[in-house]
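Here is the structure we will look at, set down as C-alpha coordinates.
The values are calculated or read from the model by the stated rules, or taken from the named source; none is laboratory data. Please read all numbers here as calculations on a predicted model, not as lab measurements. So basically every Cβ, Gly included, is an ideal-geometry build from the backbone, and we count neighbours across all protein chains shown.
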Amino acid sequence: MASFDSEIKTVFKSNLDDASPAIKFSSVWEQHRKTAGKRFSFKKMVFIPIGALVSLVVLLTVGFSFAAIKDKTDYPFINDPSAIGLWESVDLVDQPGQFVPGKHFSEDPLFLKQLAFMKDGNMLIAINKGNGKLSPASCTWTKGMVLDKQDKTNSKYEIKEIDGTAYMFFEWKCGDYTYFHMEPPYFVLKQVNNEDYSKYKLEARSDKIDYPFVNDPQLPGVWESVDFVPAIDEFKPGTRISRGELFLTRFDIAGNGKIGGMTSEKAIPNDLLTWTKGLIIDRKGKVASKYEIKEMAGDTYLFYEWKSGGYIYSGMQPDYYVLKKVK
(Lines give C-alpha, C1' and ligand atoms only; values in the text may rest on other atoms or scores of the structure.)
Protein backbone atom coordinates (compact mmCIF):
# COMPACT_ATOMS: atom_id res chain seq x y z
CA MET A 1 0.00 0.00 0.00
CA ALA A 2 2.85 2.39 0.83
CA SER A 3 4.43 1.82 -2.59
CA PHE A 4 1.04 2.38 -4.28
CA ASP A 5 0.64 5.69 -2.42
CA SER A 6 4.16 6.74 -3.39
CA GLU A 7 3.49 6.01 -7.06
CA ILE A 8 0.16 7.86 -7.00
CA LYS A 9 1.74 10.83 -5.27
CA THR A 10 4.54 11.05 -7.86
CA VAL A 11 2.10 10.92 -10.80
CA PHE A 12 -0.24 13.50 -9.30
CA LYS A 13 2.48 15.90 -8.26
CA SER A 14 4.35 15.91 -11.57
CA ASN A 15 1.15 16.63 -13.50
CA LEU A 16 -0.96 18.77 -11.17
CA ASP A 17 1.70 21.18 -9.94
CA ASP A 18 3.03 21.85 -13.43
CA ALA A 19 -0.46 22.74 -14.64
CA SER A 20 -1.16 25.30 -11.86
CA PRO A 21 -4.54 23.90 -10.76
CA ALA A 22 -7.02 25.86 -8.65
CA ILE A 23 -6.00 23.84 -5.57
CA LYS A 24 -2.36 22.96 -4.97
CA PHE A 25 -1.28 19.32 -4.93
CA SER A 26 -0.19 19.50 -1.29
CA SER A 27 -3.72 20.44 -0.23
CA VAL A 28 -5.32 17.63 -2.20
CA TRP A 29 -2.84 14.97 -1.15
CA GLU A 30 -3.20 15.88 2.52
CA GLN A 31 -6.92 15.22 2.33
CA HIS A 32 -6.37 11.95 0.46
CA ARG A 33 -3.83 10.85 3.10
CA LYS A 34 -6.20 11.60 5.97
CA THR A 35 -9.32 10.03 4.50
CA ALA A 36 -8.18 7.08 2.40
CA GLY A 37 -7.49 4.88 5.40
CA LYS A 38 -10.93 5.53 6.81
CA ARG A 39 -12.81 4.62 3.67
CA PHE A 40 -11.13 1.58 2.15
CA SER A 41 -10.77 -1.87 3.69
CA PHE A 42 -7.70 -4.01 3.04
CA LYS A 43 -9.39 -6.12 0.40
CA LYS A 44 -10.27 -2.98 -1.60
CA MET A 45 -6.84 -1.31 -1.45
CA VAL A 46 -5.93 -2.66 -4.88
CA PHE A 47 -8.52 -0.33 -6.40
CA ILE A 48 -6.97 2.86 -5.00
CA PRO A 49 -4.29 3.28 -7.72
CA ILE A 50 -6.87 2.61 -10.43
CA GLY A 51 -9.19 5.25 -8.95
CA ALA A 52 -6.34 7.74 -8.71
CA LEU A 53 -5.32 7.18 -12.33
CA VAL A 54 -8.92 7.55 -13.49
CA SER A 55 -9.12 10.81 -11.54
CA LEU A 56 -5.93 11.98 -13.24
CA VAL A 57 -7.33 11.20 -16.70
CA VAL A 58 -10.45 13.20 -15.83
CA LEU A 59 -8.32 16.10 -14.67
CA LEU A 60 -6.31 16.04 -17.92
CA THR A 61 -9.55 15.97 -19.91
CA VAL A 62 -11.09 18.99 -18.16
CA GLY A 63 -7.90 21.01 -18.19
CA PHE A 64 -7.11 20.67 -14.46
CA SER A 65 -10.11 22.69 -13.29
CA PHE A 66 -9.73 20.95 -9.93
CA ALA A 67 -12.28 22.93 -7.92
CA ALA A 68 -13.55 21.71 -4.58
CA ILE A 69 -17.22 20.79 -4.41
CA LYS A 70 -19.33 23.20 -2.37
CA ASP A 71 -22.84 22.02 -1.55
CA LYS A 72 -25.80 24.27 -0.81
CA THR A 73 -26.11 24.43 2.99
CA ASP A 74 -28.55 27.31 3.67
CA TYR A 75 -31.69 25.28 4.40
CA PRO A 76 -34.27 26.12 7.10
CA PHE A 77 -34.76 23.71 9.96
CA ILE A 78 -37.56 21.19 9.44
CA ASN A 79 -38.14 18.70 12.23
CA ASP A 80 -37.93 14.96 11.68
CA PRO A 81 -39.14 13.08 14.79
CA SER A 82 -37.80 9.80 13.42
CA ALA A 83 -34.22 11.15 13.47
CA ILE A 84 -34.18 12.44 17.05
CA GLY A 85 -32.13 10.36 19.45
CA LEU A 86 -28.84 8.49 19.60
CA TRP A 87 -27.47 6.48 16.69
CA GLU A 88 -24.47 4.14 16.78
CA SER A 89 -22.36 3.15 13.76
CA VAL A 90 -22.42 -0.50 12.78
CA ASP A 91 -20.93 -0.45 9.27
CA LEU A 92 -19.51 1.63 6.40
CA VAL A 93 -20.71 0.71 2.90
CA ASP A 94 -20.29 2.05 -0.62
CA GLN A 95 -24.04 1.79 -1.26
CA PRO A 96 -26.97 1.26 1.17
CA GLY A 97 -27.94 -1.97 -0.59
CA GLN A 98 -24.69 -3.60 0.52
CA PHE A 99 -25.65 -3.51 4.19
CA VAL A 100 -26.71 -6.77 5.82
CA PRO A 101 -27.62 -6.68 9.56
CA GLY A 102 -25.18 -8.74 11.62
CA LYS A 103 -22.48 -8.68 8.92
CA HIS A 104 -19.71 -6.15 8.30
CA PHE A 105 -18.90 -4.82 4.85
CA SER A 106 -16.09 -2.68 6.30
CA GLU A 107 -13.17 -4.54 7.86
CA ASP A 108 -11.61 -1.39 9.37
CA PRO A 109 -12.44 0.33 12.68
CA LEU A 110 -15.27 2.80 12.14
CA PHE A 111 -14.11 6.41 12.43
CA LEU A 112 -17.62 7.69 13.21
CA LYS A 113 -18.82 6.17 16.47
CA GLN A 114 -22.12 7.89 17.37
CA LEU A 115 -24.43 10.73 16.33
CA ALA A 116 -27.11 12.36 18.48
CA PHE A 117 -29.84 14.37 16.74
CA MET A 118 -31.41 17.03 18.99
CA LYS A 119 -34.84 18.66 18.63
CA ASP A 120 -33.43 22.13 17.92
CA GLY A 121 -31.36 21.03 14.92
CA ASN A 122 -28.06 20.77 16.79
CA MET A 123 -26.02 17.59 17.01
CA LEU A 124 -23.54 15.71 19.14
CA ILE A 125 -20.85 13.47 17.68
CA ALA A 126 -18.47 10.80 18.98
CA ILE A 127 -15.52 9.55 16.95
CA ASN A 128 -12.95 6.82 17.56
CA LYS A 129 -10.33 9.32 18.63
CA GLY A 130 -9.50 10.81 22.02
CA ASN A 131 -11.85 9.41 24.66
CA GLY A 132 -14.57 8.62 22.11
CA LYS A 133 -17.26 10.47 24.07
CA LEU A 134 -20.03 12.67 22.68
CA SER A 135 -19.08 16.29 22.02
CA PRO A 136 -20.80 19.21 20.23
CA ALA A 137 -20.74 18.84 16.44
CA SER A 138 -19.91 21.71 14.10
CA CYS A 139 -22.77 20.68 11.80
CA THR A 140 -26.54 21.00 12.12
CA TRP A 141 -29.43 19.00 10.70
CA THR A 142 -32.75 19.48 9.00
CA LYS A 143 -35.13 16.84 7.69
CA GLY A 144 -33.16 14.49 5.43
CA MET A 145 -29.88 16.39 5.62
CA VAL A 146 -26.85 17.08 7.81
CA LEU A 147 -25.36 20.50 7.02
CA ASP A 148 -21.74 21.52 7.55
CA LYS A 149 -21.58 25.23 6.69
CA GLN A 150 -17.84 25.44 7.31
CA ASP A 151 -16.84 22.59 4.98
CA LYS A 152 -19.78 23.38 2.65
CA THR A 153 -21.20 19.85 2.61
CA ASN A 154 -24.82 18.71 2.58
CA SER A 155 -24.96 15.05 3.57
CA LYS A 156 -28.23 13.24 3.04
CA TYR A 157 -29.56 10.67 5.48
CA GLU A 158 -32.27 8.07 5.08
CA ILE A 159 -33.89 5.98 7.81
CA LYS A 160 -35.04 2.43 7.08
CA GLU A 161 -36.57 -0.23 9.27
CA ILE A 162 -34.90 -3.62 8.78
CA ASP A 163 -36.03 -6.66 10.75
CA GLY A 164 -37.80 -4.41 13.25
CA THR A 165 -34.79 -2.15 13.88
CA ALA A 166 -34.31 1.43 12.66
CA TYR A 167 -31.12 2.10 10.68
CA MET A 168 -29.84 5.41 9.35
CA PHE A 169 -27.85 5.53 6.09
CA PHE A 170 -25.71 8.67 6.33
CA GLU A 171 -23.59 10.03 3.46
CA TRP A 172 -19.97 10.50 4.57
CA LYS A 173 -18.69 13.46 2.56
CA CYS A 174 -14.98 13.54 3.36
CA GLY A 175 -12.04 14.77 1.25
CA ASP A 176 -12.60 12.06 -1.38
CA TYR A 177 -15.95 13.70 -2.19
CA THR A 178 -14.89 17.33 -1.84
CA TYR A 179 -11.64 17.19 -3.80
CA PHE A 180 -11.68 14.03 -5.92
CA HIS A 181 -15.41 14.25 -6.76
CA MET A 182 -15.92 10.63 -5.70
CA GLU A 183 -19.29 9.27 -4.65
CA PRO A 184 -19.52 9.34 -0.83
CA PRO A 185 -19.78 6.09 1.12
CA TYR A 186 -22.48 5.60 3.75
CA PHE A 187 -22.17 5.11 7.46
CA VAL A 188 -24.88 2.76 8.70
CA LEU A 189 -26.07 3.70 12.19
CA LYS A 190 -28.42 1.71 14.39
CA GLN A 191 -30.88 3.62 16.57
CA VAL A 192 -30.01 3.29 20.27
CA ASN A 193 -32.86 5.42 21.61
CA ASN A 194 -35.20 8.28 20.61
CA GLU A 195 -34.36 10.63 23.50
CA ASP A 196 -33.69 14.34 23.01
CA TYR A 197 -30.07 15.08 23.92
CA SER A 198 -30.57 18.86 24.18
CA LYS A 199 -29.94 18.71 27.94
CA TYR A 200 -27.29 16.00 27.79
CA LYS A 201 -24.61 16.66 30.41
CA LEU A 202 -21.25 16.76 28.70
CA GLU A 203 -18.12 15.95 30.68
CA ALA A 204 -15.84 18.93 30.13
CA ARG A 205 -12.14 19.23 30.90
CA SER A 206 -10.61 22.54 31.90
CA ASP A 207 -7.11 24.04 32.12
CA LYS A 208 -5.40 26.14 34.76
CA ILE A 209 -6.12 29.73 33.68
CA ASP A 210 -5.01 31.89 36.64
CA TYR A 211 -1.70 33.10 35.25
CA PRO A 212 -0.15 36.54 35.92
CA PHE A 213 0.44 38.83 32.94
CA VAL A 214 3.97 38.59 31.49
CA ASN A 215 4.73 40.77 28.48
CA ASP A 216 5.76 39.39 25.10
CA PRO A 217 6.75 42.24 22.73
CA GLN A 218 6.44 39.93 19.69
CA LEU A 219 2.73 39.25 20.18
CA PRO A 220 0.85 42.61 19.90
CA GLY A 221 -0.39 43.42 16.41
CA VAL A 222 -2.88 42.34 13.77
CA TRP A 223 -2.75 38.70 12.71
CA GLU A 224 -4.76 37.13 9.87
CA SER A 225 -5.50 33.40 9.59
CA VAL A 226 -3.91 31.61 6.65
CA ASP A 227 -4.27 27.91 7.54
CA PHE A 228 -5.46 25.31 10.03
CA VAL A 229 -3.05 22.42 10.54
CA PRO A 230 -2.80 19.26 12.70
CA ALA A 231 0.78 20.09 13.77
CA ILE A 232 3.09 23.10 13.53
CA ASP A 233 5.63 21.37 11.31
CA GLU A 234 2.97 20.59 8.69
CA PHE A 235 2.56 24.25 7.75
CA LYS A 236 4.39 25.48 4.64
CA PRO A 237 4.25 29.20 3.73
CA GLY A 238 2.42 29.81 0.46
CA THR A 239 0.39 26.60 0.66
CA ARG A 240 -2.75 25.61 2.53
CA ILE A 241 -3.74 22.14 3.69
CA SER A 242 -7.03 23.01 5.38
CA ARG A 243 -10.25 22.79 3.43
CA GLY A 244 -13.32 24.92 3.77
CA GLU A 245 -13.73 28.32 5.36
CA LEU A 246 -11.50 29.23 8.29
CA PHE A 247 -13.64 29.95 11.36
CA LEU A 248 -11.06 32.16 13.10
CA THR A 249 -10.17 34.92 10.66
CA ARG A 250 -8.23 37.56 12.63
CA PHE A 251 -6.69 38.47 15.98
CA ASP A 252 -6.22 42.08 17.12
CA ILE A 253 -3.80 41.70 20.01
CA ALA A 254 -3.13 44.66 22.32
CA GLY A 255 -0.07 45.14 24.50
CA ASN A 256 -2.09 45.09 27.73
CA GLY A 257 -3.11 41.44 27.54
CA LYS A 258 -6.39 42.03 25.68
CA ILE A 259 -7.43 40.31 22.45
CA GLY A 260 -10.09 41.19 19.90
CA GLY A 261 -10.61 40.01 16.35
CA MET A 262 -13.08 38.30 14.05
CA THR A 263 -14.49 34.89 13.27
CA SER A 264 -16.29 34.04 10.04
CA GLU A 265 -19.54 34.78 11.88
CA LYS A 266 -18.94 37.76 14.18
CA ALA A 267 -16.48 39.88 16.15
CA ILE A 268 -14.68 38.29 19.08
CA PRO A 269 -15.92 39.92 22.33
CA ASN A 270 -13.19 42.07 23.91
CA ASP A 271 -13.62 40.37 27.28
CA LEU A 272 -13.45 36.76 26.03
CA LEU A 273 -9.69 36.26 25.53
CA THR A 274 -6.59 37.47 27.35
CA TRP A 275 -2.93 36.62 26.96
CA THR A 276 0.29 36.25 28.87
CA LYS A 277 3.64 35.21 27.49
CA GLY A 278 3.25 31.81 25.81
CA LEU A 279 -0.50 31.46 26.45
CA ILE A 280 -3.82 32.74 25.09
CA ILE A 281 -6.50 32.26 27.73
CA ASP A 282 -10.23 31.75 27.23
CA ARG A 283 -11.72 32.47 30.65
CA LYS A 284 -15.25 31.50 29.63
CA GLY A 285 -14.22 28.14 28.15
CA LYS A 286 -11.57 27.69 30.87
CA VAL A 287 -8.77 26.72 28.50
CA ALA A 288 -5.21 28.03 28.18
CA SER A 289 -3.85 27.60 24.65
CA LYS A 290 -0.13 27.67 23.94
CA TYR A 291 1.12 29.85 21.11
CA GLU A 292 4.38 29.93 19.23
CA ILE A 293 5.77 32.66 16.96
CA LYS A 294 8.04 31.79 14.02
CA GLU A 295 9.78 33.70 11.25
CA MET A 296 9.30 31.83 7.97
CA ALA A 297 10.12 32.93 4.42
CA GLY A 298 10.41 36.58 5.50
CA ASP A 299 7.07 36.68 7.34
CA THR A 300 6.01 36.27 10.98
CA TYR A 301 3.54 33.53 11.85
CA LEU A 302 1.59 32.78 15.02
CA PHE A 303 0.74 29.13 15.75
CA TYR A 304 -2.24 29.02 18.12
CA GLU A 305 -3.59 25.85 19.75
CA TRP A 306 -7.27 25.51 18.88
CA LYS A 307 -8.83 23.92 21.94
CA SER A 308 -12.36 23.35 20.64
CA GLY A 309 -15.03 20.86 21.67
CA GLY A 310 -12.89 17.93 20.60
CA TYR A 311 -10.30 18.91 23.21
CA ILE A 312 -12.75 19.98 25.92
CA TYR A 313 -15.21 17.08 25.66
CA SER A 314 -13.44 14.25 23.83
CA GLY A 315 -9.86 14.51 25.10
CA MET A 316 -8.42 15.04 21.61
CA GLN A 317 -5.16 16.83 20.92
CA PRO A 318 -5.72 20.38 19.60
CA ASP A 319 -4.97 21.43 16.03
CA TYR A 320 -3.36 24.79 15.25
CA TYR A 321 -4.54 27.96 13.60
CA VAL A 322 -1.75 29.64 11.65
CA LEU A 323 -1.97 33.43 11.57
CA LYS A 324 0.29 35.78 9.63
CA LYS A 325 1.28 39.15 11.12
CA VAL A 326 0.06 41.98 8.89
CA LYS A 327 0.57 45.00 11.22
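Of the numbered conditions (1) closer than 25 Å to Lys129 by Cβ; (2) assigned to a loop (DSSP other than H, G, I, E, B); (3) of a type in the set (A, V, I, L, M), Val90 satisfies every one except a single condition; which is it?
All conditions pass for Val90, except number (2).
What's the number of the only condition in (1) closer than 13 Å to Phe187 by Cα; (2) at pLDDT 90 or above; (3) surrounded by 15 or more Cβ atoms within 10 Å (Cβ to Cβ) that Cys174 fails to meet?
(2)
May I ask you to list the residues in the range 172-188 that are of a type in the set (Asp, Glu) and in a loop (DSSP other than H, G, I, E, B)?
Within the range 172-188, just Glu183 meets the criteria.
Per-residue answers, yes or no, for (1) over 30 Å from Leu302 (Cα atoms); (2) surrounded by fewer than 17 Cβ atoms within 10 Å (Cβ to Cβ):
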{"site": "Lys143", "(1), (2)": "yes, yes"}
{"site": "Asp163", "(1), (2)": "yes, yes"}
{"site": "Tyr186", "(1), (2)": "yes, no"}
{"site": "Pro220", "(1), (2)": "no, no"}
{"site": "Trp223", "(1), (2)": "no, no"}
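Looking at the range 232-249, which of its residues are of a type outside the set (Ser, Thr, Tyr) and farther than 20 Å from Lys290 by Cβ?
Lys236, Pro237, Gly238, Arg240, Ile241, Arg243, Gly244, Glu245
Answer yes or no as to whether Asp94 is surrounded by fewer than 18 Cβ atoms within 10 Å (Cβ to Cβ) and either touching a Lys or Arg at 6+ places or on another chain (Cβ under 6 Å) or closer than 16 Å to Glu195 by Cβ (or both).
No; evaluated as a whole, the condition is false for this residue.
Only residues that are within 22 Å of the chain's Cα centre (by Cα), surrounded by fewer than 21 Cβ atoms within 10 Å (Cβ to Cβ) and not hydrophobic (A, V, I, L, M, F, W, C): list them for the range 311-327, please.
Hits for the range 311-327 are Gly315, Gln317, Pro318, Asp319, Lys324.
So for the range 206-213 (the condition being touching a Pro at 6+ places or on another chain (Cβ under 9 Å) and part of a loop (DSSP other than H, G, I, E, B)), does at least one residue qualify?
Looking through the range 206-213, none of the residues is touching a Pro at 6+ places or on another chain (Cβ under 9 Å) and part of a loop (DSSP other than H, G, I, E, B).
With Asp216, Asp252 as the choices, which residue is touching a Gly at 6+ places or on another chain (Cβ under 8 Å), in a strand (DSSP E or B) and farther than 24 Å from Ala137 by Cα?
Just a single option satisfies the conditions, and that option is Asp252.
One residue is enough: does the range 116-135 have a residue meeting the conditions buried (at least 17 other Cβ atoms within 10 Å of the Cβ), closer than 22 Å to Ser264 by Cα and touching a Gly at 6+ places or on another chain (Cβ under 6 Å)?
So far as the range 116-135 goes, yes, one or more of its residues are buried (at least 17 other Cβ atoms within 10 Å of the Cβ), closer than 22 Å to Ser264 by Cα and touching a Gly at 6+ places or on another chain (Cβ under 6 Å).
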